Protein chains: 2
Amino acid sequence: MGDRQIKGVVLTALKIIEIADGDVLHAMKKSDSEFKGFGDAYFSTVNHGCIKAWKRHREMTLNLIVPVGEIKFVIYDDRIDSSSEHHCQTINLSINNYYRLTVPPMVWLGFQGIGVHTNLLLNVANIEHDPDETERVELDKIRYDWTN
Amino acid sequence: MGDRQIKGVVLTALKIIEIADGDVLHAMKKSDSEFKGFGDAYFSTVNHGCIKAWKRHREMTLNLIVPVGEIKFVIYDDRIDSSSEHHCQTINLSINNYYRLTVPPMVWLGFQGIGVHTNLLLNVANIEHDPDETERVELDKIRYDWTN
């Protein structure tokens, strides 16, 4: 399973405005080309070494931003006839690699807490949380070496 | 200057879903009654002891959530004929007092970093950042005892 760019996944460099009393960090604007409407904004934390995997959304497009700590994301594509079928893409996000990760529907996503303290992601999603559009499989159902 | 509820300010208790590998924290949904449309989502940090004050928006409604650290917010109302004119409202937000603070246009806002490590707020705003709808005055222009 090779590591390459997954079709529909977009990484967008985000601005950090440095201010002496505390910085301002961009996340998402209505005018951003990746913006597909607003449904829900929520945080997820992942403790050091812990893995949350695997989950996919049938309808939701995720926009993931990591303002605190460091999180490793792994996206696995098993969409039939996708140009990146059977490939995965990995990316570590943090304040030092400050990108927005846009994840399209129908790919599998897992993530792992890398930082020793708080690891926090914000998801700006185009639809509200709905368990009916979410699928989960156990960690070992998709072969990936998380110790990498 | 008395501390009381400012007209148009809304505090909404938010859900924290406790999960062994890391929690999920609600921020804002499209169906929330305080949701006035999506324009911009950005983070602001404020270092321990630092104060960012005073600023007001002529059009933006702010929805402030503090998922990391602790931030003290002070809202001052000088709107003529407001039922809370010349009053202020203070609230400390953190994971231990996890509310969304909705701030209407035309009131003055200041905030201070209380936690010793990272203090992070998310603003889910109804319009995009626009310096033309923002006013600032120096800290000492509105009398408030920040050492409280």
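Every number here is computed from the coordinates shown, using simple stated rules; none is lab data. Because the structure is predicted, anything quoted here is derived from the model rather than measured. A quick note on method: Cβ atoms are made from the backbone with ideal geometry, for glycine too, and the neighbour counts reach across all protein chains shown.
How high is the FRET efficiency between B:Arg136 and A:Asp78 when r is their beta carbon distance and R₀ equals 51 Å, given to the nearest 0.05? Rounded to the nearest 0.05, the efficiency is 0.50. From the Kirkwood radius over Cα pairs of the stretch B:37-110, Stokes-Einstein at 20 °C and 1.002 mPa s returns a whole-number translational diffusion coefficient of 161 µm²/s. Among the aspartates and glutamates, which have Cα under 14 Å from the Cα of B:Lys72 when same-chain residues fewer than 8 positions away are ignored? The reachable aspartates and glutamates, counting only those whose Cα sits under 14 Å from B:Lys72, are B:Asp3, B:Asp145. Remark: the stretch B:52-69, residue by residue, has Karplus-estimated 3J(HN,Hα) of 10, 6, 10, 9, 9, 10, 7, 10, 6, 9, 9, 10, 9, 9, 10, x, 9, x Hz, where x stands for each Gly or Pro and the curve is 6.51 cos²θ - 1.76 cosθ + 1.60 at θ = phi - 60°.
Work out the FRET efficiency for B:Ala20 and B:His117 from their Cβ-Cβ distance, taking R0 = 35 Å, and round it to the nearest 0.05. Efficiency computed from Cβ-Cβ geometry: 0.90. For the stretch B:10-139, the fraction of C-alpha pairs more than 23 angstrom apart is 32%. Each other copy holds its own label point for B:Ile16; taking that point as 7 Å from Cα along Cα to Cβ, the gaps run 2.6 nm, nearest first. Between the stretch B:6-28 and the stretch A:42-77, how many Å separate their Cα centres? For the stretch B:6-28 versus the stretch A:42-77, the Cα centre distance is 19 Å.
Taking the DSSP bridge list for the protein assembly as shown and keeping only pairs wholly inside it, about 95 percent are antiparallel.
Sites listed here are GluC sites (Glu not before Pro) in the stretch B:92-148 whose DSSP assignment is loop and whose Cβ has at most 10 other Cβ atoms within 10 Å: B:Glu138.
In the stretch A:10-139, the DSSP beta bridges split such that about 95 percent are antiparallel, to the nearest 5. For B:Phe38, the shell of other residues with beta-carbons less than 12 Å away shows a net charge of +1, using +1 for Lys and Arg and -1 for Asp and Glu. Distance from the B-onto-A rotation axis is smallest for the Cβ of the chain B residue given, in whole Å, as B:Phe38, 2. Of the GluC sites (Glu not before Pro) found in the stretch B:1-103, the ones in coil according to DSSP and having at most 11 other Cβ atoms within 10 Å of their Cβ are B:Glu18. Taken residue by residue and averaged, Cβ atoms of other chains lying within 10 Å of the Cβ of A:76-84 number 0. Using a simple spin-label model with pseudo-atoms 7 Å out from Cα toward Cβ, A:Val10 and A:Arg58 lie 2.5 nm apart.
Evaluated at q = 0.07, 0.14, 0.16 Å⁻¹, the base-10 log of the normalised Debye intensity for the protein assembly as shown, with identical point scatterers placed on the Cα atoms, takes the values -0.28, -1.02, -1.28.
Bridging of A:Lys141 to lysines at a Cα separation below 18 Å is possible for A:Lys52, A:Lys55, once same-chain residues fewer than 8 apart are set aside.
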